[in-house]
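Below is one structure, written out as structure tokens; the observations come after it.
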Amino acid sequence: MTDRPLILCFRRDLRLSDNPALTAAAVSGRSIVPVFILEGQAGMATAPGAAARWWLHGSLDALARDLTTLGSRLVLRRGAAADVLDRLIAETGADAVHWNRRYDAAGIAADAALKASLKARGLAVASHNASLLAEPWTVATGNGAPYRVFTPFWRAARERMATASNDQAAIPKALPAPAGWPDSERLEDWGLTPRAPDWAAGLRAGWTPGEAGAAARLNRFRSDALAHYADGRDRPGEPGTSRLSPHLARGDIGPRQVWHAVAHRGEAGVEAGDAARESYLREIAWREFCYHLLYHFPEMTETPLDTRFAAFPWAADPDRRHFSAWRRGRTGYPIVDAGMRELWTTGWMHNRVRMVAASFLVKHLLLPWQEGEAWFRDCLVDADAASNAAGWQWVAGCGADAAPYFRVFNPVLQGEKFDAHGAYVRRWVPELTRLPDRWLHKPWSAPPLVLQEAGVRLGRDYPPPIVDHAVARIRALAAYDTIKTRRAA
């Protein structure tokens, strides 16, 4: 057996448990050099935004501490992966490299070139799956084509995903250290966290990046919210969702672990019925579907899957007044504004409200979905190229499994239905706290005396609607009518 070390590359898999690349490296019996390479991805749809970089800092810090429990450490380097690995190979004498696979076009191309280059020089290279229950090429329609509609995908892949969840890589007891450790950069020098102004206070208050934080979040969801998930998932004012999405996005936890924990019965404290479990498993499967789409349609992060929408008549917003009002949570529609303020403060937004806020941008304001996707990508701690783009295209009506184009969410009715007593709006739009429930989601309709007693002066304390829903709906439908007769690709 060679005494030359093996390099283990961490990516979106920042955990010890169910990490196939790590487990395979440990099984080899070789000494291991774990490394995380921060590659320059500025301007790329897969590059982490500001909130995701904050999370990355926390996950890397947690992973470094966790590796010490196995007698190892995490080497940090910046630069192009090929260049960094060349230097590490020269420094350590390593003759093998392991990593977990990526599924975006740029990542796939880079990994293919890197693997070919390393193998040509005599190194052993192995890639593994840590991120998905069903890799994109393993699920296809009867004629071998990729799925473009979720429900058939779900039917075809469900059993495969259930089976995969039972096959989890074990945590090794130790990782043999190399004879000498290569130098590592300092995480603090990477500038992943904000300095001045420090906008991350709300993120720190609400989140604990890392594997331990993910495990605690999963256990809390199973014991407290899973039983009511089928109904609770749509009420933003209640803790009815798992909030595991940022942990999954960064790889603090894997989908096999989540599926297995939710699907299996008999654990103490887990009393969820079939409807609640199935509802949640469909959400995990939707994430898989998004990666299925990203792999087969890599252009989806920037261009509509339905090519008719390439010439959609978006509205002009020359002074960015409407986009700015939406971004700052000052549209005059409380449920939309609550969501946008929650996003800015916590780096996260409830999924029901994401749909309403996204619909408002693309249909009430007729602004391009790509602008909303970019803003979410920068602000979300769970920013993920596949899910973010697929979600925005679904709302805009131009993606796979898209909502009917004529569906225009009414923000007032959405608020009244899913935040009937105003817990969510009152938390994030405190200037409306004293308004009675009847008027909370439409303060412009409240009688002057009601507004006065609530201490609300429209136009000063809270803005009037920047567009009228009825007028905006008619305008949106007219715009969508222009693409009806065009032929889709």
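The values are calculated or read from the model by the stated rules, or taken from the named source; none is laboratory data. Predicted model, so just to flag it, every value in this text is computed and none were measured. Counting neighbours? That spans all protein chains shown, and the Cβs are built from the backbone with ideal geometry, glycine included.
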Among (1) of a type in the set (S, T, N, Q); (2) in a helix (DSSP H, G or I); (3) within 30 Å of D378 (Cα to Cα), where does S223 come up short? (3)
How do the pairs read when you match residues in region 434-462 that are modelled with pLDDT of 95 or more and crowded, with 16+ Cβ neighbours inside 10 Å with residues anywhere that are assigned to a loop (DSSP other than H, G, I, E, B) and among the basic types (K, R), using Cβ under 7 Å and keeping only pairs 6 or more apart or on different chains? A454/R434
I'm trying to understand the selection: among the residues of region 25-50, which are hydroxyl-bearing (S, T, Y) and either modelled with pLDDT of 80 or more or outside the structural domain of A110 (by TED's automatic domain parsing) (or both)? S28, S31
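Return yes when W137 is farther than 30 Å from A51 by Cβ, assigned to a helix (DSSP H, G or I) and modelled with pLDDT of 95 or more and no when it is not. Please lay out each step first, then the result.
On the way: farther than 30 Å from A51 by Cβ: yes; assigned to a helix (DSSP H, G or I): yes; modelled with pLDDT of 95 or more: yes.
When the stated conditions are applied, W137 passes them.
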For region 214-236, enumerate the residues that are closer than 19 Å to H264 by Cβ and of a type in the set (D, E). D224
Which one is nearest to the chain's Cα centre (by Cα), of the residues in region 363-372 that are free of Cβ contacts under 8 Å to residues at least 60 places away in the same chain and surrounded by fewer than 24 Cβ atoms within 10 Å (Cβ to Cβ)? E371
Here are E288, E342: which of them is in contact (Cβ under 8 Å) with a residue 12 or more places away in the chain, closer than 20 Å to A249 by Cα and not assigned by TED's automatic domain parsing to the domain that holds G232? E342
If we keep just the residues of region 262-292 that are crowded, with 19+ Cβ neighbours inside 10 Å and more than 30 Å from G144 (Cβ to Cβ), which is modelled with the lowest pLDDT? A272
Restricting to region 310-350, name every residue that is modelled with pLDDT of 95 or more, over 20 Å from the mean Cα position of the chain (by Cα) and in a helix (DSSP H, G or I). R321, H322, F323, S324, A325, W326, R328, P334, I335, D337
All but one of (1) assigned to a helix (DSSP H, G or I); (2) over 24 Å from the mean Cα position of the chain (by Cα) hold for D61, so report the exception by its number. (2)
Condition met for V412 (hydrophobic (A, V, I, L, M, F, W, C), without any contact (Cβ under 8 Å) to a residue 60 or more places away in the chain and under 23 Å from H364 (Cβ atoms)): no
